[in-house]
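S.K.: Attaching a single structure in structure tokens format; questions to follow.
The values are calculated or read from the model by the stated rules, or taken from the named source; none is laboratory data. Predicted model, so just to flag it, every value in this text is computed and none were measured. Cβ placement follows ideal geometry from the backbone for every residue including glycine, while neighbour counts extend to all protein chains displayed.
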Amino acid sequence: MAKGIAVNIGLNFVNPAAYNGWNGELAGCINDARDMNQIATQLGYAATLMTDAEASASEVTRVIGQAARQLAAGDICLVTYSGHGSQINDVTGDEPDGKDETWVLWDRQLLDDELNGLWSSFEAGVRIFVLSDSCHSGTVARVMSFQQKFKSAEFAAQYDRPVNAPPRVRAADPAAVQANYLANRSNYEVSQWTHRASVNASVTLISGCQDNQLSSDGDANGLFTQRLKEVWNGGAFSGSYAQFHSAIVARMPSDQTPNLFRTGVGNLAFEAEKPFTIGTGSAGGTGAGGGLSISGPSSFANGTTPLTFSVSVPSGHYFAVEIATDASLFNSTANGAQRNDSNFYASWKVSPFRQGSSFMMPLDAWNRLRQGASRLYYRLWCTSSPTSWVNYQVTTSDSNAQSAPSVALVAQTQPGSGGGDAGVPAITAPTAFPANGAAPRFQVNPGAGRYYAVEVSTNSWYFTDQYSAQRNDNNFYGSWKVTPFQSSALYPAAYTLPAEVWSRLRDNATNGRLYYRMWWTESPTQWVGYGCTTPNSSGQNAPSFALSREFDMDALAQSGGSK
């Protein structure tokens, strides 16, 4: 029988003697840890709660290390952290931003390199689920701007707090962590250089915000943990880890976007599980030499979050996904002429073949097919070439189309977790785009019946009044400057940055990021009843995405014909 061990860490205070007199006072972190501990205990985990002085670096390391020795393939370890987060200089050169992220524990910081070392001590086949409700930014300017923004009525409403209530964020005081860093510098550098082992377990992390954002602390819980509990809904949530993450993101404000990150050995069975599950883990990984398969949930909310599938193809192969409102449409000979954009989607028609272990439907395709549909059918193709059909295989043949698996689309039952096109206007994007790939696509939702405009910049400060005069075509783009306001019959909708704009901005993004926001208006031609997801007064806090330099299949875009 599979075993589950949980380690739940929460610090409302740190030792002032270790941080130059700073005690790091927060309010909701111990509650976060207790709530996670309660969830774990109810699900059958052997759970350890560590708060304040109990959560020293050595003790946290010992408890997680002990769990590693007790767990075997098929078991799961749940590690939750709630407290301050910070960054220190990366001396090894393995971090793109030159910073190592840290957890600010009672007596010193625990580096992400040290966490990697802990994960590497777990056996292959062990599943590790990490939740971190903390900040990953230690800049004074960002904290001060956040505090000013917190005093506004609009911002306070997002966080369910009174206007002018004292702001609390989980970003450590820079002077305090710098003093702690200098006092322990040699030990930190040893850790950075030595904790570099490969991870054979499967690790999934959902963090409270992006590396360049701040996490809000509350009276009862941190905002991230609060929203997580709402989505979990006492265990009623039934989706995968990716769907769990998406549902939490849907409830968060635009300036605090939880991140989903995986490391170690890919494990499709783990990714497809309901979060916190103990007993259905797979001891294997993605199976590089495995067969061809695709799986999706048995049912899915017909809302704003697109369907995600787990896929597996033989080693060295590429894949394409087809989705239809009627399984008979998979029989191209008999019914190919009946296919259209409203009843059939094929990834091979719009982009090169793909690699990876999962596939999320593009938002525009999802919105087209889900309208009026009660069920969506799917199948997977694979090919040994990235650009053409070579030695291809399919999970459901044309002649057997009616046996294709399907997902039932059900009415949204959890407000804010993916259903409805009303609510707070928002614009979102993935956390990174390949700099050598196709232009990025945003998900926009100005609200039903409204029109929108998108702005993208190389520096968030160009969104503020103070620096707006310095805008030019190489550092700023506003869709409202060159085209009428955009609209869609159904929100959320997809907005793709024009290719020539993408080329200019990415070439001038000196810090490797692009920042974005959305305006909305009630008129197709005028600024009437307008608003913005990140107002000028707090423009420097606009969300952003990183420009990745890694290889991307979209860069191969070329006509590969049809099968």
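S.K.: Could you tell me whether any residue of segment 469-483 is at pLDDT 85 or above, assigned to a strand (DSSP E or B), within 28 Å of W527 (Cβ to Cβ) and of a type in the set (S, T, Y)?
M.R.: Yes; the residues of segment 469-483 include at least one that is at pLDDT 85 or above, assigned to a strand (DSSP E or B), within 28 Å of W527 (Cβ to Cβ) and of a type in the set (S, T, Y).
S.K.: So which residues in segment 503-553 are part of a loop (DSSP other than H, G, I, E, B), of a type in the set (F, W, Y) and touching a residue at least 40 places away in the same chain (Cβ under 8 Å), if there are any at all?
M.R.: Passing the criteria: only F551.
S.K.: While we're here: Quick check, is F344 touching a residue at least 60 places away in the same chain (Cβ under 8 Å) and out of contact with any His (no Cβ under 8 Å at 6 or more places or on another chain)?
M.R.: On the way: touching a residue at least 60 places away in the same chain (Cβ under 8 Å): no; out of contact with any His (no Cβ under 8 Å at 6 or more places or on another chain): yes.
Answer is no for this residue.
S.K.: Tell me, yes or no, whether segment 443-460 has at least one residue that is assigned by TED's automatic domain parsing to the domain that holds Y530, basic (K, R) and touching a residue at least 40 places away in the same chain (Cβ under 8 Å).
M.R.: Yes, segment 443-460 contains a residue that is assigned by TED's automatic domain parsing to the domain that holds Y530, basic (K, R) and touching a residue at least 40 places away in the same chain (Cβ under 8 Å).
S.K.: Has segment 498-520 got at least one residue that is hydroxyl-bearing (S, T, Y), over 16 Å from T428 (Cα atoms) and more than 29 Å from the chain's Cα centre (by Cα)?
M.R.: No: segment 498-520 contains no residue that is hydroxyl-bearing (S, T, Y), over 16 Å from T428 (Cα atoms) and more than 29 Å from the chain's Cα centre (by Cα).
S.K.: Still on this structure, I have one more. When the residues of segment 279-297 are narrowed to those that are part of a loop (DSSP other than H, G, I, E, B), modelled with pLDDT of 75 or more and under 23 Å from the mean Cα position of the chain (by Cα), which ends up surrounded by the most Cβ atoms within 10 Å (Cβ to Cβ)?
M.R.: Just the residues of segment 279-297 that are part of a loop (DSSP other than H, G, I, E, B), to begin with: 279-292, 296-297.
Still in the running and modelled with pLDDT of 75 or more: 279, 292, 296-297.
Then drop every residue that is not under 23 Å from the mean Cα position of the chain (by Cα), which leaves 296-297.
Details: G296: 22, P297: 18.
Looking at residues that are part of a loop (DSSP other than H, G, I, E, B), modelled with pLDDT of 75 or more and under 23 Å from the mean Cα position of the chain (by Cα), I get G296.
S.K.: Please state which of the following conditions Y378 fails to meet, knowing it meets all the rest: (1) crowded, with 22+ Cβ neighbours inside 10 Å; (2) part of a helix (DSSP H, G or I).
M.R.: For Y378, the failing item is (2).
S.K.: Please go through segment 195-207 and pick out each residue that is at pLDDT below 75 and either within 20 Å of V104 (Cα to Cα) or aliphatic (A, V, I, L, M) (or both). Give the derivation first.
M.R.: If we filter segment 195-207 for residues that are at pLDDT below 75, which is where we start, we get 195-197.
Those that are at pLDDT below 75 and either within 20 Å of V104 (Cα to Cα) or aliphatic (A, V, I, L, M) (or both): H195, A197.
S.K.: In segment 324-338, which residue that is within 23 Å of L363 (Cα to Cα) and in contact (Cβ under 8 Å) with a residue 12 or more places away in the chain is surrounded by the fewest Cβ atoms within 10 Å (Cβ to Cβ)?
M.R.: Checked segment 324-338; the qualifying residue surrounded by the fewest Cβ atoms within 10 Å (Cβ to Cβ) is D326.
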